Amino acid sequence: MRHALSALSCCLIFTLALHAQEEESKRKFPPPESLSTDSLISQPGPSFTISDSEVSRSPRIIVYGDQRFTDPTNIRVTNPQARRLLVRKIAEKHPDAVLMNGDVPYSGDVINDYQVFHDETKIWRDEKLRIYPSLGNHEFHGDPQEALEHWWSAFPYLRNRRWYSVQLGKSLYTIALDSDTSLMAGSNQRKWLSNQLTNLPASVRFVFISLHHPPVADFQTHINVSHNPRPNEIELRDYLENVAPQLKAKIVLSAGHIHNYERFSRNGVTYLVSGGGAASPVRVERKPEDLYQNDEFPNYHFVEFTLKGDTLTGKMYRLADPAAEKVTWEVKDTFEIKAK
């Protein structure tokens with residue numbers, strides 16, 4: 001027991017040291033929230049539209065975050081084997097859309113990190129998967145304007161956007177937000193989001209919102225306390241729970257930043273923390289409100305949603321052991337959300 005506690009303490013110290021190093025690196029440049037958002041594309045209506053005939057009869061969406069694509073020899077900040085296995089399994093699922101919750105590269109100022117993303121996800125392009133990423137804090141490492149240019153170069157269809165939406169057939173709508181800039185009332189992003197939700201197409205049954213920093217999570221007192229929900233996202237949470245009763249569609253929000261899996265339901269909104277994309281895993285102190293109470297660790301995973309009729313079914317697929325000779329996937333959480 002004493003040995004286990006000692007190992008946990010060392011792991012915690014190492015994690016905190018890495019976080020401090022990252023924060024010091026970022027302080028050399030202006031923060032991403034200093035970038036102007038006035039000239040971004042922020043128009044009403046869906047940014048992209050996928051016709052109903054182009055999606056599956058039972059549409060599927062996969063969400064996950066914190067992949068940290070980088071030099072495969074770097075096993076300190078990410079698990080390259082888990083990262084590649086997740087990419088391959090998602091390709092096999094052939095979903096109608098993949099929502100990535102941020103921290104796609106390890107360092108957004110390192111152009112090679114995006115090259116690794118391009119190389120390791122070739123199978124997604126071969127399968128013609130639709131990829132819809134959200135900006136995370138790692139996307140803004142280094143000079144935030146330069147890093148943002150790298151992101152737009154990696155995802156050219158998103159150029160001049162930091163938030164956007166996709167109508168995926170008649171029943172599903174996805175909204176990608178940027179939690180590295182303001183989500184507060186009166187901000188450009190919040191005005192756009194309000195317009196999106198107020199003017200949803202009448203046929204939409206479920207709205208998926210993806211972003212990096214979580215509005216709801218297990219509140220930590222000992223481990224990774226710096227990743228607890230911040231005022232920016234708490235404001236978003238309160239807004240969503242206030243507007244949700246007036247919408248004809250249900251809201252499902254997926255965030256990352258915490259390298260684990262958590263699930264909550266509050267006031268008609270489903271919240272996920274899906275940060276098991278391969279970044280260095282972090283344990284969480286689970287509170288009673290967390291609907292996932294399994295303490296197996298680490299949780300390299302993705303979440304698959306399938307819509308059949310009026311029911312949206314979520315399944316969390318966990319990679320049992322990335323180092324095992326035989327790859328094993330376990331469905332560790334299953335839940336249903338009924339349409340209104």
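The values are calculated or read from the model by the stated rules, or taken from the named source; none is laboratory data. Keep in mind that what you see is a predicted model, and the values were worked out from it rather than measured. Every residue, glycine among them, receives a Cβ derived from its backbone with ideal geometry; neighbour counts consider all protein chains shown. All accessible areas refer to the heavy atoms of the entire protein, side chains included, with ligands and DNA or RNA removed. Shrake-Rupley method; radii C 1.70, N 1.55, O 1.52, S 1.80 Å.
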Quiz item: Any residue in the stretch 188-195 that is under 27 Å from THR313 (Cα atoms) and at pLDDT 95 or above?
Solution: yes
Quiz item: Tell me, which residue of the stretch 30-54 that is touching a strand residue (DSSP E or B) at 6+ places or on another chain (Cβ under 6 Å) and assigned to a loop (DSSP other than H, G, I, E, B) is least open to solvent (accessible area, probe 1.4 Å)?
Solution: SER47
Self-check item: Residue tally, condition open to solvent by 10 Å² or more (accessible area, probe 1.4 Å), in contact (Cβ under 8 Å) with a residue 40 or more places away in the chain and part of a helix (DSSP H, G or I), over the stretch 134-147
Solution: 1
Self-check item: Single residue of TYR292, TYR317 found to be within 19 Å of ARG60 (Cα to Cα) and surrounded by 13 or more Cβ atoms within 10 Å (Cβ to Cβ)
Solution: TYR317
Exercise. Kindly establish whether LEU168 is open to solvent by less than 20 Å² (accessible area, probe 1.4 Å), among the aliphatic types (A, V, I, L, M) and more than 23 Å from PRO298 (Cβ to Cβ).
Key: yes
Quiz prompt | Total residues in the stretch 80-113, condition assigned to a helix (DSSP H, G or I) and open to solvent by 30 Å² or more (accessible area, probe 1.4 Å) | solution = 8
Self-check item: Residue list for the stretch 56-79, filter: touching a residue at least 24 places away in the same chain (Cβ under 8 Å), in a loop (DSSP other than H, G, I, E, B) and open to solvent by 20 Å² or more (accessible area, probe 1.4 Å)
Solution: SER56, SER58, ASP71, PRO72, ASN74, ARG76, ASN79
Self-check item: Subset of the stretch 268-308 [hydrophobic (A, V, I, L, M, F, W, C) and either at positive phi or more than 19 Å from the chain's Cα centre (by Cα) (or both)]
Solution: ALA278, PHE297, LEU307
Self-check item: the stretch 180-216, residues that are open to solvent by less than 20 Å² (accessible area, probe 1.4 Å), part of a loop (DSSP other than H, G, I, E, B) and under 19 Å from VAL269 (Cα atoms)
Solution: LEU183, VAL204, LEU211, HIS212, HIS213, PRO214, PRO215, VAL216
Practice problem: Give the number of residues within the stretch 209-229 that are free of Cβ contacts under 8 Å to residues at least 40 places away in the same chain and among the aliphatic types (A, V, I, L, M). | Solution: 1
Quiz item: If you check every pair at least six apart or on different chains, which have Cβ atoms under 6 Å apart with a residue in the stretch 28-42 that is in contact (Cβ under 8 Å) with a residue 60 or more places away in the chain first and a residue that is of a type in the set (A, V, I, L, M, F, W, C) and surrounded by 10 or more Cβ atoms within 10 Å (Cβ to Cβ) second?
Solution: PRO32/PHE140; SER42/TRP192
Quiz item: Taking the condition more than 21 Å from ARG60 (Cα to Cα), touching a strand residue (DSSP E or B) at 6+ places or on another chain (Cβ under 7 Å) and surrounded by 18 or more Cβ atoms within 10 Å (Cβ to Cβ), does VAL116 pass?
Solution: yes
Exercise. Mind listing just one residue for me: the one in the stretch 305-314 that is closer than 21 Å to TYR261 by Cα and of a type outside the set (Phe, Trp, Tyr) and, of those, surrounded by the most Cβ atoms within 10 Å (Cβ to Cβ)?
Key: LEU312
Quiz item: Which of (1) aliphatic (A, V, I, L, M); (2) outside any loop (DSSP other than H, G, I, E, B); (3) in contact (Cβ under 8 Å) with a residue 40 or more places away in the chain; (4) within 22 Å of PRO245 (Cβ to Cβ) is the odd one out, the single condition VAL166 does not satisfy?
Solution: (4)
Practice problem: Tell me, yes or no, whether the stretch 121-133 has at least one residue that is closer than 18 Å to TYR64 by Cα, surrounded by 16 or more Cβ atoms within 10 Å (Cβ to Cβ), touching a Pro at 6+ places or on another chain (Cβ under 9 Å) and of a type outside the set (Ser, Thr, Tyr). | Solution: yes
